[in-house]
1. What about residue 85, is it surrounded by 16 or more Cβ atoms within 10 Å (Cβ to Cβ), more than 24 Å from residue 129 (Cβ to Cβ) and not assigned by TED's automatic domain parsing to the domain that holds residue 129?
2. Under the condition of being assigned to a helix (DSSP H, G or I) and farther than 23 Å from residue 95 by Cβ, which residue from region 1-37 is modelled with the highest pLDDT?
3. Among the residues that make up region 108-117, is at least one of them touching a residue at least 40 places away in the same chain (Cβ under 8 Å), outside the structural domain of residue 7 (by TED's automatic domain parsing) and either at positive phi or not in a helix (DSSP H, G or I) (or both)?
4. Could you figure out which of (1) under 14 Å from residue 19 (Cβ atoms); (2) modelled with pLDDT of 90 or more; (3) buried (at least 18 other Cβ atoms within 10 Å of the Cβ) isn't true of residue 95?
5. Scan region 26-38 for residues that are in contact (Cβ under 8 Å) with a residue 40 or more places away in the chain and surrounded by fewer than 19 Cβ atoms within 10 Å (Cβ to Cβ) and report the count.
6. Checking residue 137 against (1) outside any helix (DSSP H, G or I); (2) modelled with pLDDT under 90, which single condition isn't satisfied?
7. Filtering region 41-77 down to residues that are touching a helix residue (DSSP H, G or I) at 6+ places or on another chain (Cβ under 6 Å) and part of a loop (DSSP other than H, G, I, E, B), which residue is nearest to residue 125 (Cα to Cα)?
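The values are calculated or read from the model by the stated rules, or taken from the named source; none is laboratory data. No experiment lies behind these values; they were computed from the predicted model shown. We place every Cβ from the backbone using ideal geometry, glycine too, and count neighbours over all the protein chains shown.
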């Protein structure tokens, strides 16, 4: 029955696993996860299925640096525009996601801070500008 699942089901399963696996996710983060799933087109039945099975899914990080940047851009855009989490939890959650998709943990606080700054300072931030700006702090 997997073929009838939403387009982002497996990616969302990985996001859920990253968020919940340590057992320290707050109720606010859990509510955000549900909201995030809706934005990705994950149905409520898929969400509740994953609540019980998220540990069964593998986390597959994007292969190339550009793919990681694209993933982080999309995640930052969704998190930045969501009023369900306060700034501290947004940063904590995005750091978890960035590490899981392959960014170096020693640079993560800079990458996440720059990501939020870009979305804060630039109206209609496009992917190209985002990538160039993040690449500049990495070199």
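1. On the way: surrounded by 16 or more Cβ atoms within 10 Å (Cβ to Cβ): yes; more than 24 Å from residue 129 (Cβ to Cβ): yes; not assigned by TED's automatic domain parsing to the domain that holds residue 129: no.
Taking the combined requirement at face value, the residue does not satisfy it.
2. Our first condition is that a residue be assigned to a helix (DSSP H, G or I); within region 1-37, this holds for 2-4, 9-20, 27-37.
From what is left, the residues that are farther than 23 Å from residue 95 by Cβ are 2-4, 9.
Numbers: 2: 52, 3: 53, 4: 71, 9: 87.
That would be 9.
3. So in region 108-117, the residues touching a residue at least 40 places away in the same chain (Cβ under 8 Å) come out as 115-116.
Next cut, outside the structural domain of residue 7 (by TED's automatic domain parsing) only: 115-116.
Adding the requirement that they be either at positive phi or not in a helix (DSSP H, G or I) (or both) leaves none.
For region 108-117, residues touching a residue at least 40 places away in the same chain (Cβ under 8 Å), outside the structural domain of residue 7 (by TED's automatic domain parsing) and either at positive phi or not in a helix (DSSP H, G or I) (or both): absent.
4. All conditions pass for residue 95, except number (3).
5. Going residue by residue through region 26-38, those that are in contact (Cβ under 8 Å) with a residue 40 or more places away in the chain are 26, 28-29, 31-32, 35-36.
Filter again for surrounded by fewer than 19 Cβ atoms within 10 Å (Cβ to Cβ), leaving 26, 28, 31, 35.
Adding up the residues that qualify gives 4.
6. (1)
7. 62
So that you can scan it fast, the table gives a plain yes or no per residue for (1) over 22 Å from residue 131 (Cα atoms); (2) surrounded by 16 or more Cβ atoms within 10 Å (Cβ to Cβ):
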| position | (1), (2) |
| --- | --- |
| 24 | yes, no |
| 42 | yes, yes |
| 45 | yes, no |
| 54 | yes, yes |
| 59 | yes, no |
| 65 | no, no |
| 73 | no, yes |
| 91 | no, yes |
